[in-house]
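Here, each number is a calculation from the coordinates, and none is a lab measurement. For clarity, every value in this text was computed on a predicted model and none was experimentally measured. A quick note on method: Cβ atoms are made from the backbone with ideal geometry, for glycine too, and the neighbour counts reach across all protein chains shown.
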Amino acid sequence: MKNIFTIAIHGGAGTIHKSQMSDEKEAAYKAALSAALYAGYALLEKGGSALDAVEKAVSEMEDSPLFNAGKGAVFTHEGTHEMDAAIMEGKTRMGGAVAGIERVKNPVQLAKLIMEKSGHVFLAGEGALVFAKENNVQLEAAEYFHDDLRYKQWQEALKNDVVQLDHSPLNEKKFGTVGAVALDQEGNIAAATSTGGMTNKRFGRVGDSPMLGAGNYANNQTCAVSCTGSGEFFIRGVVAYDVSCLMEFKGLSLQDACSEVIQKRLLELGGDGGLIAADTKGNLCFEFNTDGMYRGMKKSDGTEEISIYK
């Protein structure tokens with residue numbers, strides 16, 4: 001029997017309202033999602049690991065200015081770009097994460113290096129940059145991360161003295177955090193998440209994306225999860241691990257666990273957003289309580305889909 005493998009990706013929850021979405025913009029988003037999806041899928045098809053596949057898919061989205069990660073990262077209050085990322089694999093539950101990193105072209109690749117080479121799980125700020133340089137991670141000048149739309153968003157946030165989530169109504173909506181989950185032919189799962197955080201964020205704010213258990217998690221016994229949304233609530237709800245817990249201790253299916261966490265528990269805390277998840281049986285789940293979520297999936301049985309709205 002042919003081994004099944006699957007991959008799912010997201011480019012953020014909360015979307016441009018359909019009335020404001022031009023055909024060109026929608027086509028651009030779908031093309032970017034498709035490129036990332038196919039890049040990850042191609043690795044799985046050749047027998048590559050779920051870990052490498054999620055790293056590849058997320059790297060592709062980090063390289064696109066359309067998403068709030070890597071090249072498209074939002075501006076902080078000081079006008080810099082502080083990025084966060086995490087990666088985790090389900091077989092041994094090894095993980096790597098980075099927060100508040102500047103100048104790194106692909107934070108998800110740095111997260112993977114932290115997992116494999118640092119002896120630690122989570123590095124932040126200046127120290128993480130030292131580690132990145134020692135491991136010859138590709139760095140870019142500040143100009144590389146400059147995006148006119150992101151700059152306008154930041155100026156508007158400064159003027160109104162607010163910290164903005166990508167999908168808050170004030171701005172021209174251009175979204176989010178990116179992530180991927182995958183199942184490889186060996187039956188292992190993995191998850192990766194990367195973000196530029198909130199526009200006009202201050203004081204070294206870190207969201208859920210780099211926190212294993214909150215915004216990213218993988219365990220072969222249950223599921224792999226990548227989250228997107230109002231990070232503070234995802235941290236408080238330990239959302240990614242909560243999905244896994246419901247499967248492990250309550251025996252819920254992937255779909256039921258995701259639905260319980262996003263449509264009930266997260267809402268009870270006042271949080272909005274969504275997640276993508278995969279299990280070792282080849283099931284995938286897309287769950288969100290916003291108007292939409294940039295998302296895509298491709299399975300070894302030929303099923304594939306790229307969507308934005310509900």
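Sorting the segments 83-92, 290-299 by their residues' average number of neighbouring beta-carbon atoms within 10 angstrom, most packed first, yields 83-92, 290-299.
From the Cα gyration tensor of the stretch 1-64, with a ≥ b ≥ c the square roots of its eigenvalues, which class applies: rounded if a/c is under 1.5, or else prolate if a/b is larger than b/c, or else oblate?
Values: a/c = 2.76, a/b = 2.35, b/c = 1.18.
Cα axes put the stretch 1-64 in the prolate bin.
When the alpha-carbon atoms of the chain are used, the pair Rg, Dmax equals 17.5, 60 angstrom. Taking other C-beta atoms within 10 angstrom as a stand-in for reagent exposure, I7, I262 fall in the order I262, I7, fewest first. Here the Gaussian network model covers the chain, with springs between Cα atoms less than 10 Å apart; of C227, C258, C285, C285 fluctuates the most. Quick check on the stretch 68-107: take the gyration tensor over C-alpha atoms, sort the square-rooted eigenvalues as a ≥ b ≥ c, and tell me if it's rounded (a/c under 1.5), prolate or oblate. Here the stretch 68-107 falls in the prolate category. Toward the positive end of the charge dipole of the chain, with +1 on the Cβ of Lys and Arg and -1 on the Cβ of Asp and Glu, the farthest Cα among A28, I9, G72 is that of I9. Derived scalar couplings between HN and Hα for the stretch 295-310 equal 7, x, 8, 8, 10, 5, 7, x, 5, 8, 7, 10, 9, 10, 8, 4 Hz in order, rounded to whole Hz, by the Karplus curve 6.51 cos²θ - 1.76 cosθ + 1.60 (θ = phi - 60°), x for Gly and Pro.
Here K112 is the anchor, and the lysines within straight C-alpha reach of less than 26 Å, apart from those fewer than 8 places off in the same chain, are K46, K56, K71, K91, K133, K201, K281, K298, K299.
Across the stretch 67-83, computed HN-Hα scalar couplings (Karplus, 6.51 cos²θ - 1.76 cosθ + 1.60, θ = phi - 60°) run 10, 7, 6, x, 4, x, 4, 6, 8, 7, 4, 7, x, 9, 10, 10, 10 Hz from first to last residue, x flagging Gly and Pro.
Report the charge-dipole magnitude of the chain in Debye, nearest 20, computed about the Cα centre from +1 at each Lys and Arg Cβ and -1 at each Asp and Glu Cβ. Please report the intermediate quantities before stating the final value.
Details: 31 positive and 41 negative charges, 42 e Å.
Dipole of the chain, to the nearest 20 debye: 200 debye.
Shown here for the stretch 25-76: trypsin sites (Lys or Arg not before Pro) in loop regions (DSSP other than H, G, I, E, B) with at most 16 other Cβ atoms within 10 Å, namely K46.
Shape analysis of the stretch 77-213 places it in the prolate category; the axes a ≥ b ≥ c from the Cα gyration tensor give an a/c of at least 1.5, with a/b above b/c. Largest GNM mean-square fluctuation among L212, L266, L252, using the chain with Cα springs under 10 Å: L252.
Comparing A224, G204, F131 along the charge dipole axis of the chain, the residue lying farthest to the positive side is A224, per the Cβ-charge model. Neighbours of N289, meaning other residues whose beta-carbon lies under 13 angstrom from its beta-carbon, give a summed charge of -2 when Lys and Arg score +1 and Asp and Glu score -1. When each of the peptides 239-249, 214-224, 300-310 is scored by the mean number of other C-beta atoms lying within 10 Å of its residues, the order from highest to lowest reads 214-224, 239-249, 300-310.
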